[in-house]
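Accompanying notes for the structure given below.
Here, each number is a calculation from the coordinates, and none is a lab measurement. Computed from a prediction, not measured in an experiment: that's the story for all the values here. Cβ atoms come from the backbone with ideal geometry, glycine included; neighbour counts cover every protein chain shown.
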Amino acid sequence: MDKYITIFKETGALLEGHFVLTSGRHSATYFQCAKVLQHPQHLSNFAATIVDHFKNTHIDTVISPAVGGIVIGMEVGRQLSMKTIFTERQEGKMTLRRGFEINAGENILVVEDVITTGGSVQEVMNIVQEFGGKVVGVGVVVDRSGGIVQLHKNQFAVTTQTAVTYAPDEVSEELQKIPIEKLGSRSII
């Protein structure tokens, strides 16, 4: 078993049930990164693994989508001694707020906790490009797509898993029998 999955299980961060993911897809498993990242040793180790991958990449700023990506993004930025900012949803649209700025030509590393479809990361990348920044890489803790979602040529995941997900109209009969839990953060921002 993947040592990272063992960590998720030991910390109660790999949940089983019926979940609606941030992407809107349904799954019988859910990676609750906040539960594992609350432990400083795991936060530090996951961030160090991401930092190690990007150590030879020129980075000016680290950016993450709120809410899930903030904690890992901040720790990656701290370990790199780089400015670290985040985007958040305002009226359903990913935006750059709180006085955060991206300058033209700035090299930006996008950091996220979990990707399934990569939608939130793609929105962040679009914002970086709108401001004239250059995305130099994407780092994630968990890639649930099994490596299928490739958002950048310099993309790295601490662990890559193949999670079975379903479109809302394709949910298996077995999964339909389990009450739905919606734990993602898209609706709180």
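Values computed for the structure shown
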| read-out | value |
| --- | --- |
| Restraint check, LYS35/LYS93; LYS9/LYS182; LYS3/LYS153; LYS55/LYS83; LYS93/LYS182, Cα-Cα greater than 21 Å | LYS35/LYS93; LYS3/LYS153 |
| Amide proton proximity set for GLU112, modelled H, under 5 Å, gap of 5+ | GLY139, VAL140, VAL141 |
| Among (1) 118; (2) 240; (3) 176, the entry derived from the coordinates for volume of the Cα convex hull per residue in Å³ | (1) |
| Label point distance in nm, TYR166-ASN126, each placed 7 Å from Cα along Cα→Cβ | 2.9 nm |
| Over the chain, relative contact order from alpha-carbon pairs under 8 Å, at least 6 apart, % | 25 percent |
| Per-residue Cβ neighbour rank within 10 angstrom, fewest leading, VAL111, VAL140 | VAL140, VAL111 |
| Integer Hz, Karplus 6.51/-1.76/1.60 couplings in order for the stretch 143-160, x for Gly and Pro | 9, 7, 7, x, x, 6, 7, 10, 9, 7, 5, 10, 10, 9, 10, 4, 9, 10 |
| Paramagnetic label zone (point 7 Å from Cα along Cα-to-C-beta, ARG78; backbone N under 16 Å) in the stretch 1-39 | 34-39 |
| Karplus-derived HN-Hα couplings along the stretch 92-99 (A = 6.51, B = -1.76, C = 1.60, θ = phi - 60°), whole Hz, x at Gly and Pro | x, 10, 5, 9, 9, 10, 6, x |
| For THR95, residues with placed amide H under 5 Å, excluding near neighbours | GLU88, ARG89, GLN90 |
| DSSP-defined beta bridges in the stretch 3-188 - what % are antiparallel, rounded to 5 | 35 percent |
| Separation between Cα centres of the stretch 54-104 and the stretch 120-145, rounded to whole Å | 10 Å |
| For the stretch 167-177, 3J(HN,Hα) per residue [Karplus equation, 6.51 cos²θ - 1.76 cosθ + 1.60, θ = phi - 60°, Hz, x = Gly/Pro] | 5, x, 8, 10, 5, 4, 4, 4, 5, 4, 6 |
| Least to most buried among PHE54, PHE46 (fewest other Cβ within 10 Å first) | PHE54, PHE46 |
